[in-house]
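See below for the structure under consideration.
The values are calculated or read from the model by the stated rules, or taken from the named source; none is laboratory data. Treat the numbers as computed from the prediction; the structure is a model and nothing was measured. Please note: Cβ atoms are built from the backbone with ideal geometry, for glycine as well, and neighbour counts cover all protein chains shown.
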Amino acid sequence: MPTADELKRRIEAAIPGARALVHDTTGTGDHFRAEVTAPVFAGRTRIEQHRLVYDVFDGDIGGPIHALSLTTRPPQ
Amino acid sequence: MTETNPIRDAITEAIADHPVILFMKGTPEAPACGFSARTVAALQSLGAQFAAVDILPDPRIRQELSAISDWPTIPQLFVEGELVGGCDIVMEMYASGELAEVLKLEGPAEPVAPPADAPQADGLQIENRLA
């Protein structure tokens, strides 16, 4: 079962310079909320920013990860 | 023989035929998921007219939709054939006023009756909705 820590590590490992805050919103290891900042988000649309994060998890979203709520932005 | 994919074709057609279309779990009256419910509520509070497709009756709808849109989650809102976002993006855009802009709405819209003969894509239950 995925954990919030595991999601954080995967995001930060896959996206250069990313910082992620991840919460398990239900405590059941399948619904998460993540706030992610990464330099690569600069100049990209929200759709593109979210796709970069979804891509980290490939087929896991909709599978073991039922829901991943995202807020993304470039670092300030 | 060319491989046909009627579900994919029906989704592509539905996106092309409806200026605002929401793929969701459940229906606008009875959303089957909190994310779908929030997205419907945002659209309705702007008085947006939108078509809705329930993806739950057939798992292939979601599979084909995600393949077309390169977006893994539900709901998915399309405006003028373009993916605008899922629940998170729609809610952010609602809060910032961008959603009303994209939908070309300025505050509460005058209710407009949907065309009685709105095009229906084969094999998909599409409902035209007024807030």
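Summary of computed values
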| read-out | value |
| --- | --- |
| Single match in A:Leu52, A:Leu70 (criterion: touching a helix residue (DSSP H, G or I) at 6+ places or on another chain (Cβ under 7 Å) and within 12 Å of B:Trp71 (Cα to Cα)) | A:Leu52 |
| When residues of the stretch B:1-34 are limited to those that are among the hydrophobic types (A, V, I, L, M, F, W, C) and buried (at least 20 other Cβ atoms within 10 Å of the Cβ), the one nearest to the chain's Cα centre (by Cα) | B:Leu22 |
| Some residue of the stretch B:51-65 being at positive phi and away from every other protein chain (no Cβ under 13 Å) | no |
| Index of the failed condition, A:Leu7 passing every other in (1) assigned to a helix (DSSP H, G or I); (2) without any contact (Cβ under 8 Å) to a residue 40 or more places away in the chain | (2) |
| Test for A:Thr25: is it more than 9 Å from every other protein chain (Cβ to nearest Cβ), within 26 Å of B:Arg62 (Cβ to Cβ) and among the hydroxyl-bearing types (Ser, Thr, Tyr) | yes |
| Test: residue in the stretch A:29-36 that is in a helix (DSSP H, G or I) and more than 11 Å from chain B (Cβ to nearest Cβ) | no |
| Among the residues listed as A:Arg51, A:Arg19, the single one being closer than 20 Å to B:Ile74 by Cβ and of a type in the set (Lys, Arg) | A:Arg51 |
| Per-region count, the stretch A:56-67, residues at pLDDT below 95 and outside any loop (DSSP other than H, G, I, E, B) | 6 |
| Residue ID - surrounded by the most Cβ atoms within 10 Å (Cβ to Cβ), chosen from residues in the stretch B:77-92 that are more than 10 Å from A:Leu70 (Cα to Cα) and without any contact (Cβ under 8 Å) to a residue 40 or more places away in the chain | B:Gly85 |
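Every residue, every condition in (1) within 21 Å of B:Val84 (Cα to Cα); (2) among the aliphatic types (A, V, I, L, M); (3) within 14 Å of chain B (Cβ to nearest Cβ), yes or no:
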{"residue": "A:Ala13", "(1), (2), (3)": "no, yes, no"}
{"residue": "A:Arg19", "(1), (2), (3)": "no, no, no"}
{"residue": "A:Thr45", "(1), (2), (3)": "yes, no, yes"}
{"residue": "A:Gly59", "(1), (2), (3)": "no, no, yes"}
{"residue": "A:Leu68", "(1), (2), (3)": "yes, yes, yes"}
